[in-house]
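What follows is a single structure, written as structure tokens, with notes after it.
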Amino acid sequence: MDELRSQESVTRNLMDAGCGEELIRQFWALDAAGKKRESLALLARHRQRLLDCCHAEQRNNERSTAWTI
């Protein structure tokens, strides 16, 4: 029961972090296979993609603001 709650909690956290169904499925498949390093690498790549998007959006906002000053 605790393991199920823990899985649900982790899944909910992954969803909150912007992970899609496919990425979550891949994460759990790697976890079930005992491939912790690979599952963490998968999450690290997702995190980097999110940061790249945030930084690109920030640059766009800075360019837009520069023209309005």
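Calculate for the chain the 222 nm mean residue ellipticity that helices alone would give, adding -39,500 (n - 2.57) per DSSP H run of length 4 or more and normalising by residue count, nearest 500 deg cm²/dmol.
Helices in the chain give a 222 nm mean residue ellipticity of -30000 deg cm²/dmol.
Can you tell me the convex hull volume per residue for the chain, based on C-alpha atoms, in Å³ to the nearest whole number?
89 Å³
State the percentage of accessible surface on the chain attributable to carbon and sulfur atoms; use a 1.4 Å probe and exclude ligands, DNA and RNA.
C and S atoms contribute 54 percent here.
Taking 0.36 nm per residue of sequence separation and subtracting the Cα-Cα distance, how much length would be gained by fully extending the chain between A17 and Q58, in nm to one decimal?
12.9 nm
Using a Gaussian network model on the chain with a 10 Å cutoff between Cα atoms, which of A41, A56, A29 fluctuates the most?
For the chain, modelled as a Gaussian network with Cα springs under 10 Å, the answer is A56.
With a point put 7 Å past each Cα toward its Cβ, work out how far D2 is from I24 in nm, to one decimal.
Modelled inter-label distance: 2.4 nm.
How many angstrom lie between the C-alpha centres of region 40-58 and region 18-37?
One Cα centre to the other: 17 Å.
Leaving out ligands and nucleic acids, and using a 1.4 Å probe, what accessible area per residue does the chain come to in Å²?
Ligands and nucleic acids excluded, the figure is 84 Å² per residue.
The values are calculated or read from the model by the stated rules, or taken from the named source; none is laboratory data. On a predicted model such as this, the values are computed, not experimentally measured, just so you know. Ideal geometry is used to build each Cβ from the backbone, glycine not excepted, and the neighbour counts take in all protein chains shown. The protein model used for the area step is the full one, side chains on, heavy atoms only, and it has no ligands, DNA or RNA in it. Shrake-Rupley method; radii C 1.70, N 1.55, O 1.52, S 1.80 Å.
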